[in-house]
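One structure below.
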């Protein structure tokens with residue numbers, strides 16, 4: 001599973017990264033976490049507001065930092 005954090009590295013982006021990693025670990029998932037910081041690449045996902053989370057190239061969360069439990073549900077539905 002490829003988890004992508006889309007954002008420029010702001011505190012909310014960092015928090016989303018930490019929570020996404022925690023959710024994936026708690027679920028026992030095999031994953032690769034990639035931070036996407038290039039504005040052009042972020043826009044190529046159709047994202048205009050960060051932070052955002054994409055899983056296997058599909059945007060799942062935009063403009064907010066969900067809790068770990070909500071992220072677990074998001075990761076399980078992939």
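The values are calculated or read from the model by the stated rules, or taken from the named source; none is laboratory data. Note that the structure is predicted; figures quoted are calculated from it, not measured. Cβ: placed from backbone, ideal geometry, glycine included. Neighbour counts: every protein chain shown.
Of the residues making up the range 10-32, those that are modelled with pLDDT of 95 or more, outside any helix (DSSP H, G or I) and out of contact with any helix residue (DSSP H, G or I) (no Cβ under 6 Å at 6 or more places or on another chain) are 28, 29, 30, 32.
If you scan the range 48-58, which residues turn out to be more than 18 Å from residue 11 (Cβ to Cβ) and either assigned to a loop (DSSP other than H, G, I, E, B) or modelled with pLDDT under 95 (or both)? Correct list: 48, 56, 57.
Taking the range 65-78 as the range and being in contact (Cβ under 8 Å) with a residue 12 or more places away in the chain and either over 16 Å from residue 23 (Cα atoms) or in a loop (DSSP other than H, G, I, E, B) (or both) as the test, the residues that pass are 65, 66, 67, 78. From the list 43, 49, the one residue that fits, being more than 16 Å from residue 2 (Cα to Cα), touching a strand residue (DSSP E or B) at 6+ places or on another chain (Cβ under 7 Å) and surrounded by fewer than 17 Cβ atoms within 10 Å (Cβ to Cβ), is 49.
For the range 62-78, the set of residues classified as more than 21 Å from residue 28 (Cα to Cα) and touching a strand residue (DSSP E or B) at 6+ places or on another chain (Cβ under 8 Å) consists of 62, 63, listed by residue number. Close contacts from the range 11-24, counting a first residue that is within 13 Å of residue 35 (Cβ to Cβ) and a second that is assigned to a helix (DSSP H, G or I), with Cβ to Cβ under 9 Å and a gap of 6+ residues or different chains, come to 16/71; 20/68; 20/71; 20/74; 20/75.
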